[in-house]
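The values are calculated or read from the model by the stated rules, or taken from the named source; none is laboratory data. A quick note: this is a predicted structure, and the numbers were derived from the prediction, not measured. Glycine also receives a Cβ, built like all others from the backbone with ideal geometry; neighbour counts cover every protein chain displayed.
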């Protein structure tokens, strides 16, 4: 039965993890127990660049996938569909065109949001005990700025939102939920428990299908500190020195009121971190992609590959709650594929390397091979000049490809850095994957270049018919890159499942 995975991505960290997941989905990373992804982004910071970049990436992914008419199979590039709530409810009133949830009155100060001026003196005094002057004056359209006490009040509107009602009415027993949040900020720390409470505690008078929600399969990722904030003049706004204390307090709360409600809970964080500029205003919160976000996306992949029998709930309680952490082989500041555990390599190495090779081919080889007699290009439907100049390549694939390259480069420049590939590659692909060389032939070192990929593509087209050039390009490159890399780099992919 088809199973949707609803992903609630809360705050800036939620959006950045969702971005990494979208990259893995583009690469064809397998998610065997779900048929489609439905992201729901929750962030009051309207000008958050990280959110905007993720929304743009998802939109581009959907455009690429909608251009492909042939059914994609597990392991193909872009094989897992991404849909928004709008797609599911068929343009119901009030649903926007993006995966982002709209929070009402988020353009107000918190003081105005709670109508502080309209309270009587006793309630004003009580509110002043709970919220400082700085809390009350917070402009909420820049987020909750590390204040979960504000976020817990504002995000309570989630259960009354049209988006939540549409989520509830369309949720089936086959579907799943995953919640992404950081634990050391404001939006994520507040939003995670509230979303969980509203799903597990669904009431008949408030939502449709309450039993489906009460017994939903729910996984979550709680991201502990993995970056810092450069010192700001007003430490009452945000201070990275509070990140650890906030984390400890939240973990204690989770152990009492959250953990046992989850089928799977994933923990991740890193003591090696880099400080970012604090800029919550316009053009603010544009953080470089980070390895922790990639590893966090792998938590979602793990959850999406977990069988239903291991995620059972009875009377709203998971039968076997499981808690997981992520680890690397060595405590090195720069990690490559060799630095990952074997189980992680089995999931990630082949598809990520395939998409990197696909990206390079798109940049460096496609225009050169068009018009040649290379069979996979010349045979109908032909990969010709008009195809290469069309919107699918020039607007959709190349723009997505640029974001993929930026994502890899940003992870390389971060601390802790992830560097799996040599990006300065021309024709010789022997050194593409850092730490690995192609297998040696009878006469010595094997030559590996773009022509090697063309030969693999020629092999995979045998016996196949393709509806059009777009379908052919994606299907052949998905299979051909897998064949070439598995054949030429067996040491790297010996444990990976071949396509």
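Only one of the numbered conditions (1) part of a helix (DSSP H, G or I); (2) surrounded by 21 or more Cβ atoms within 10 Å (Cβ to Cβ); (3) at pLDDT 95 or above is not met by residue 266, and that is (1).
Rundown of residues vs (1) modelled with pLDDT of 65 or more; (2) touching a strand residue (DSSP E or B) at 6+ places or on another chain (Cβ under 8 Å); (3) assigned to a helix (DSSP H, G or I), yes/no style:
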position	(1), (2), (3)
88	yes, yes, yes
92	no, no, no
96	no, no, no
103	no, yes, no
106	no, no, no
112	yes, no, yes
117	yes, no, yes
122	yes, no, yes
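Look at (1) modelled with pLDDT of 65 or more; (2) crowded, with 18+ Cβ neighbours inside 10 Å and you find that residue 280 fails only one, number (1). Which residues, taken from segment 4-30, are in a loop (DSSP other than H, G, I, E, B) and at pLDDT below 95? Listed by number, the list holds a single entry, 30. Return a yes/no flag: does segment 63-79 have any residue that is modelled with pLDDT under 95, within 17 Å of residue 403 (Cβ to Cβ), touching a strand residue (DSSP E or B) at 6+ places or on another chain (Cβ under 9 Å) and assigned to a helix (DSSP H, G or I). Scanning segment 63-79, I find at least one residue that is modelled with pLDDT under 95, within 17 Å of residue 403 (Cβ to Cβ), touching a strand residue (DSSP E or B) at 6+ places or on another chain (Cβ under 9 Å) and assigned to a helix (DSSP H, G or I), so the answer is yes.
Taking the numbered list (1) in the same structural domain as residue 255 (by TED's automatic domain parsing); (2) under 30 Å from residue 454 (Cβ atoms) in turn, residue 365 passes all entries but (1).
State whether the residues of segment 297-314 include one that is surrounded by 16 or more Cβ atoms within 10 Å (Cβ to Cβ), at pLDDT 90 or above and assigned to a loop (DSSP other than H, G, I, E, B). Yes, the conditions are met somewhere in segment 297-314.
The rows are residues; the columns are (1) closer than 28 Å to residue 330 by Cβ; (2) modelled with pLDDT under 95; (3) in a strand (DSSP E or B).
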| residue | (1), (2), (3) |
| --- | --- |
| 371 | no, yes, no |
| 399 | no, no, no |
| 403 | no, no, no |
| 407 | yes, no, no |
| 423 | yes, yes, no |
| 437 | yes, yes, no |
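Among the candidates 438, 490, the residue that is within 20 Å of residue 351 (Cα to Cα), touching a residue at least 40 places away in the same chain (Cβ under 8 Å) and surrounded by 19 or more Cβ atoms within 10 Å (Cβ to Cβ) is uniquely 438.
If the condition is being farther than 17 Å from residue 392 by Cα, over 17 Å from the mean Cα position of the chain (by Cα) and touching a residue at least 40 places away in the same chain (Cβ under 8 Å), then segment 35-71 contributes 44, 45, 46, 47. Is there a residue in segment 336-349 that is assigned to a loop (DSSP other than H, G, I, E, B), touching a residue at least 24 places away in the same chain (Cβ under 8 Å) and more than 22 Å from the chain's Cα centre (by Cα)? No, segment 336-349 has no match at all. Checking segment 356-363 against the condition returns no match, with no residue being closer than 19 Å to residue 5 by Cβ, surrounded by 15 or more Cβ atoms within 10 Å (Cβ to Cβ) and under 21 Å from the mean Cα position of the chain (by Cα). Of all residues in segment 14-32, none are out of contact with any helix residue (DSSP H, G or I) (no Cβ under 8 Å at 6 or more places or on another chain) and free of Cβ contacts under 8 Å to residues at least 60 places away in the same chain.
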